[in-house]
Amino acid sequence: MAPQLKRVRSDWQGAVLVCGKCSKKLDGGFGKKGRTPLAKLLRKILGLKKGRKATLGVVETRCLGICPRAGVALVDGRRPGEWLVVPREADIVELAARLERTPVVADEPR
């Protein structure tokens, strides 16, 4: 008999996946000095709490397989059919606003 799965509560309403390999190739690449990784900058601009207490999870993943030049691949889990390539010179404040405006998919009943 398999052990029961344990549920852990989270305040996340969605997850944003940021390609870690792209971020590493840019040596950060974002922020005032161009040294801050995209995931870290998004968390800061969106004012997210840590871990499960955040309203939106920003997770740095392994390679997503797009490998753009001078950009970072990003997937908003609430819109999995639309991947984004964020160029180094992109307006991250506008990107954060776009991520905040994305509608939340209804949860399954608990």
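Helix-derived [θ] at 222 nm for the chain: sum -39500 (n - 2.57) over DSSP H runs of at least 4, divide by residue count, nearest 500?
That calculation yields -6000 deg cm²/dmol at 222 nm.
Quick one: order T55, T102 from most to least accessible surface, probe 1.4 Å.
From most accessible down to least: T55, T102.
Isolated Cys in the chain by the 4.7 Å beta carbon test?
C63, C67
When the Kirkwood radius is taken over all Cα pairs of the chain, what Stokes-Einstein diffusion coefficient follows at 10 °C and 1.306 mPa s, in µm²/s?
Translational D for this selection: 107 µm²/s.
Count charges around T102 for me, please; just the other residues with Cβ under 13 Å from its Cβ, Lys/Arg as +1, Asp/Glu as -1.
Taking every Cβ under 13 Å from that of T102, the sum is +1.
The values are calculated or read from the model by the stated rules, or taken from the named source; none is laboratory data. In this text, all values refer to a predicted model and were calculated from it rather than measured experimentally. Backbone-built Cβ (ideal geometry, glycine too); neighbour counts: all protein chains shown. We work out accessible area using only protein heavy atoms, side chains counted, and drop any ligands, DNA or RNA first. Shrake-Rupley method; radii C 1.70, N 1.55, O 1.52, S 1.80 Å.
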